[in-house]
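I have placed the structure first, in the form of structure tokens, so that the comments after it can refer back to it.
Just so it is clear, none of the values below were taken in a lab; they were calculated from the coordinates. Since we're looking at a predicted model, the values are computed, not measured. Virtual Cβ from ideal backbone geometry, glycine too; neighbours counted across all protein chains shown.
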Amino acid sequence: TGHHWGYGEGDGPSAWHKNYPVAQGSRQSPIDIIPHQALQDRSLGPIVLNYDHCTSINISNNGHSVVVEFDDSDDRSVIQGGPLDNPYRLKQFHFHWGGKGCEGSEHTVDGYGYASELHLVHWNAVKYCSFGEASTAPDGLAVLGIFLETGDDHRWLHMITDALYMVKFKGSGTEFKGFNPKCLLPSSLHYWTYLGSLTTPPLHESVIWIVLKEPIAVSEKQLGKFRLLLFTGEEEDQRTRMENNFRPPQPLKGRKIQKRT
Ligand SMILES: Cc1cc(=S)c(O)co1
Ligand SMILES: [Zn+2]
């Protein structure tokens, strides 16, 4: 069932193209964002997040990251505006992070990597009937990327890090209700936007990326709790710490990045 992939020596990002040839496509993510080269587009409005009635359901370890899923049966939590022609429904959010103290984000800025990156994944329910269908369409998904840098404790992130011990192993999950990711946003919604892809297999070129300029601060202690997660399942002998689950920047291949400062 499906092709095994990971972030290790033999199954990591440099090997993904063997089972997922689109890995060498023309709109792959992440990318290195060079702010000076981003184009100011006057027609680009602000992004608007309506998360007030969002319904989180569960938190789980899928062997690649820790994921919080939402009820996406209606338009209760959507992102709109900015480069988006329609409202996109919040489906899930997850993180990518590094090892002790080193890089960990997927997008970089002027070559600079942050400690981690939060991805809020949304899908275009106006044009498509399911997340699955949207995930293969060129305008099917909108992912909001938020950088995490080490600094003070994040006042709300503990709600997630306190639950991580319950999802240590691949395939584990638990109920996770009442969490509103609005508390993870930085103060500014200034962003860069470009057309890209999922950053994990199947690497579909279906994502309108919206990357916020302003990082949020989390403590080393909070980040360290993500590294207690395992890539491996409870039944496996091998216990591999979940860290460095990020894909490096991919070629721009002529794409232009737009900005709204
Ligand atoms: C749908 C999805 C999106 C991203 S960015 C990811 O890492 C995994 O799955
Ligand atoms: Zn991601």
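Taking every DSSP bridge with both residues inside the chain, close to 80 percent are antiparallel. Distant-in-sequence amide contacts of Lys213, defined by a placed amide H-H separation under 5 Å and a gap of 5 or more residues or a different chain, comprise His190, Tyr191, Trp192. Neighbours of Ser65, meaning other residues whose beta-carbon lies under 15 angstrom from its beta-carbon, give a summed charge of +3 when Lys and Arg score +1 and Asp and Glu score -1. Given N residues in the chain, what is its alpha carbon radius of gyration divided by 2.2 N^0.38 Å? That works out to 0.95 for the chain.
For the stretch 235-244, 3J(HN,Hα) computed residue by residue from phi via the Karplus equation (6.51, -1.76, 1.60; θ = phi - 60°) reads 7, 7, 5, 5, 10, 10, 4, 7, 7, 6 Hz, glycine and proline entered as x.
Scan around Ala125 for amide H atoms under 5 Å from its own, H built in the peptide plane at 1.01 Å from N, and keep only partners 5 or more places away or cross-chain. For Ala125, whose amide H was placed from the backbone, the distant partners under 5 Å are Arg89.
Which value, in debye to the nearest 20, gives the size of the charge dipole of the chain about its Cα centre, when Lys and Arg are +1 and Asp and Glu are -1 at the Cβ?
500 debye
Using the eigenvalues of the Cα gyration tensor, what equivalent ellipsoid semi-axes result for the stretch 128-256 when each is taken as the square root of five times the eigenvalue, whole Å, largest first?
On the way: eigenvalues 144, 90, 50 Å².
So the three semi-axes of the stretch 128-256 are 27, 21, 16 Å.
Residues Glu69, Glu234 in ascending order of nearby Cβ atoms (within 10 Å, fewest first): Glu234, Glu69.
If the elastic network links every pair of Cα atoms under 10 Å, which of Leu189, Leu141, Leu44 fluctuates the most in the Gaussian network model of the chain? So, out of Leu189, Leu141, Leu44, the one fluctuating most is Leu44.
The charge dipole of the stretch 1-131, taken about its Cα centre with unit charges on the Cβ of Lys, Arg, Asp and Glu (plus for the first two, minus for the last two), comes to roughly 200 debye.
May I ask you to order 124-130, 28-34 by the average number of other C-beta atoms within 10 Å around their residues, highest value first? Show your work: numbers first, answer last.
Values: 124-130: 15.4, 28-34: 20.7.
Ranked by mean Cβ neighbours within 10 Å, highest first: 28-34, 124-130.
I need the trypsin sites (Lys or Arg not before Pro) found in the stretch 17-62, filtered to DSSP loop residues with at most 15 other beta carbons within 10 Å of theirs.
Details: sites: Lys18, Arg27, Arg42; in loops: Arg27, Arg42.
Hits after loop and neighbour filter: Arg42.
Scanning residues 5 or more positions from His204 or on other chains, those with amide H under 5 Å from its amide H are Leu198, with H placed 1.01 Å from N in the peptide plane. Restricting the stretch 170-209 to trypsin sites (Lys or Arg not before Pro) that sit in a DSSP loop and have at most 13 other Cβ atoms within 10 Å of their own Cβ leaves Lys177.
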